[in-house]
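Notes to accompany the following structure.
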Amino acid sequence: MKIITKKYVRSFEQLKPSTICNLINCLHEDFIFVDPFNKIIGKESFREFLKKMFVKIRNPKFRILNVLEEKDLTFIKWNFQYQSSNKKINFDGVSELVIEKNLIIKHIDYWDSGKNVYSNLPIVGSIFKKMHN
């Protein structure tokens, strides 16, 4: 595994407000992050996004399950958990990383927002749970 990939993976697994800078140091200036809810351009914007994550949700934790690396393309299977108002939310996803000049320039997350987020919301959640059963 490339050094930058190891640093990035380790930074996600150890992510907390005081260690956000470790993750940001792995990013290219033109970094782009995309997930089912966000498109963030620039590593400083991503830093702000991560800070907000720690304010909005309790005890977020990433666990890396597998890494597949091929030239400048990397896929990471991960598990994410956090505490909702009354229960623990836990789901898996996959990230696609693109490396340029030994830094992460693109990070795209793939995960099921309906099943993993909307189905846990009051009222609306029952609709999504029926759709996924």
Anything in the range 12-51 that is modelled with pLDDT under 95 and basic (Lys, Arg)? List them, or say none.
none
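Filter the range 44-60 down to the residues that are touching a residue at least 24 places away in the same chain (Cβ under 8 Å) and either part of a strand (DSSP E or B) or among the acidic types (Asp, Glu) (or both) and list them by number. Let's see the steps before the verdict.
So the first thing to find is which residues in the range 44-60 are touching a residue at least 24 places away in the same chain (Cβ under 8 Å), and the list is 47, 50-51, 54, 57-60.
Within the range 44-60, Arg58, Asn59, Pro60 meet the criteria.
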Matching residues, the range 5-27, being in contact with a strand residue (DSSP E or B) (Cβ under 6 Å, 6 or more places away or on another chain) and either hydroxyl-bearing (Ser, Thr, Tyr) or in a helix (DSSP H, G or I) (or both):
Thr5, Tyr8, Val9, Phe12, Glu13
Can Glu69 be described as surrounded by 12 or more Cβ atoms within 10 Å (Cβ to Cβ), of a type in the set (Asp, Glu) and part of a helix (DSSP H, G or I)?
no
Condition first: loosely packed, with under 14 Cβ neighbours inside 10 Å and under 13 Å from the mean Cα position of the chain (by Cα). Now tell me which residues in the range 38-50 satisfy that.
Asn38, Lys39
Selected residue [more than 18 Å from Gly93 (Cα to Cα) and among the charged types (D, E, K, R)] from Lys6, Lys39, Lys61
Lys6
Flagged pairs (Cβ under 6 angstrom, 6 or more apart or on separate chains; first in the range 1-13, within 16 Å of Trp78 (Cα to Cα); second part of a helix (DSSP H, G or I) and of a type in the set (S, T, N, Q)) are Ser11/Asn22
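The values are calculated or read from the model by the stated rules, or taken from the named source; none is laboratory data. Treat the numbers as computed from the prediction; the structure is a model and nothing was measured. All Cβ positions, glycine included, derive from the backbone under ideal geometry; neighbour counts span all protein chains shown.
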